[in-house]
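As structure tokens, the structure follows; a few thoughts come after it.
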Amino acid sequence: MTSATGAGAEGSTMFLAWRELVFARARFGLMGGVVALVAILVVILSGLSSGLVNDGVSGLKKLPVTAFAFDEGTPVDSAFSRSTVERDQAARWAEEDGVADAALFGNQLVNAEGPDGEAVDLALFGVDPDSFLAPAPDLVTQGEGLAQDDGIVVSETVTDLGLGVGDTVTVDRLGTELTIVGVLDGQHTYGHVDVAYVPLATWQEIHAGAGPGDEVRPEAYDEATAVALAESDGADLDLAAAGAGTGTAAVPLEDSFEGSPGYAAETLTLDLIQTFLYAISALVVGAFFTVWTIQRRHEIAVARAMGARSGYLVRDALGQAAVVLVGSTAVGVAVGVGFGALLTSTPMPFSLEPVPVAAAAALLVVLGLLGAAAAVGRIARVDPLTALGGQR
């Protein structure tokens, strides 16, 4: 008899829970609106984070590289601007087990001018035209690859400045003229600057500060920023052990991103903002359901007196929270994606990627449920005697 009464109470309580969502739609709508706004912010921040990462290191990400070996003792966060390695170090790396290929890689930011005086900032990637680092033919959508000493292959975003194949850019202070011979497919940037692939010998002259006709010290042609490493298929390369005795310290490609100017600070700032948004969302949802539980305390006590179990009531309340969170988050994500699509056509570094957006939405729902669970836990402590006037 008791179980039947309890089952009936539970059925009516579930019905009551859905009725509350309808008849208290103003309250739940307000709560859902707050969650939707947080979801919009999370989507925008996710797009900004992905956009800044792409704008900072997309050129590095698209290299066929497993790791970079920098001069031993050089901090990773400044490795691309401070490290100097030599050709014999690259040769020693090439002989290591598990290394399919190793080649010198130069990296330097330069200021230049276009044919009509346009300001052009470039991240020069110095690579041997015959090495695995040279732009693959299928990536060059216009022109050709590195076929001449003064030729450069530039990122597609350089064409936004009005430059194209055949145009010449002049490096400031040195007067070195570089001719655009090819354009890459898509965005290739480093430190928020467009990438330009240049033959290693030409890069070494620019890096040494030698202009046209200037004498270059012979050692300069054996130097570069780092040794780029390609791991053999199926190999599990121990970078620390393999690099012993080479005078270099190797780090995986992903870790080398910290050497991009501003990369670590930008990503840390955005991650911290997102973390606070998640925490705020969980606290707001928890506060709402705390107040809501207190307001319906008498109804909960009646249900308990009729035989409804505490576990069922808690699950029922969490079901309400899930409906609000999932529905509001879905609306917020949809609005955020729509707004983000407009931002992708602006100069702002913004990129919407499905996986980060989906992960952010899921985390928002989960943390909101945790906040709600902490609030509705008091349901289990409601005294059924309250419904019968025992505490009045």
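The values are calculated or read from the model by the stated rules, or taken from the named source; none is laboratory data. What you see is a predicted model; the values in this text were computed from it and never measured. Ideal geometry is used to build each Cβ from the backbone, glycine not excepted, and the neighbour counts take in all protein chains shown. Ligands, DNA and RNA are excluded from the accessible area calculation, which covers all protein heavy atoms including side chains. Shrake-Rupley method; radii C 1.70, N 1.55, O 1.52, S 1.80 Å.
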(request) Please give the solvent-accessible surface of Arg27 in Å², to the nearest 10, using a probe radius of 1.4 Å with every protein chain present. (result) 120
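Sorting Asp128, Asp121 by accessible area (1.4 Å probe), largest first, what list results?
Per-residue accessible area, sorted high to low, gives Asp121, Asp128.
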(request) With a Förster radius of 25 Å, plug the Cβ-Cβ distance of Asp150 and Asp222 into 1/(1 + (r/R0)^6) and report the FRET value to the nearest 0.05. (result) 0.75
(request) Keeping all protein chains in place, calculate the accessible area per residue for the chain (probe 1.4 angstrom), answer in Å². (result) 47
(request) Rank Phe339, Ala24, Ala67 by how far each Cα sits towards the positive end of the charge dipole of the chain (+1 on Lys, Arg Cβ; -1 on Asp, Glu Cβ) and give me just the farthest. (result) Ala24
(message) For the ranges 47-57, 318-328, 214-224, what's the packing order if you count other beta-carbon atoms within 10 Å of each residue, average per peptide, and put the highest first?
(response) 47-57, 318-328, 214-224
(message) Compute the helix-to-body angle for 25-61: its Cα long axis versus the longest principal axis of the chain, expressed 0 to 90° and rounded to tens.
(response) 20
(request) Between the alpha-carbon centers of the range 285-342 and the range 95-170, tell me the distance in whole angstrom. (result) 55
(request) Would you mind checking the tilt of helix 354-376 against the longest principal axis of the Cα atoms of the chain, expressed as 0 to 90 degrees and rounded to 10? (result) 30
(request) With Cα Rg over 2.2 N^0.38 Å in mind, check (i) 1.42; (ii) 1.04; (iii) 1.13 and report the label derived from this structure. (result) (i)
(request) Quick one: angle between helix 2-23 and the longest Cα principal axis of the chain, in degrees between 0 and 90, rounded to 10, please. (result) 60
(request) Quote the FRET efficiency, to the nearest 0.05, computed for Asp138 versus Arg87 with a Förster distance R0 of 22 Å and r equal to the Cβ-Cβ distance. (result) 0.15
(request) Could you calculate the contour length gain from Arg315 to Glu353, that is, 0.36 nm times the residue separation minus the distance between their Cα atoms, to one decimal place in nm? (result) 10.3 nm
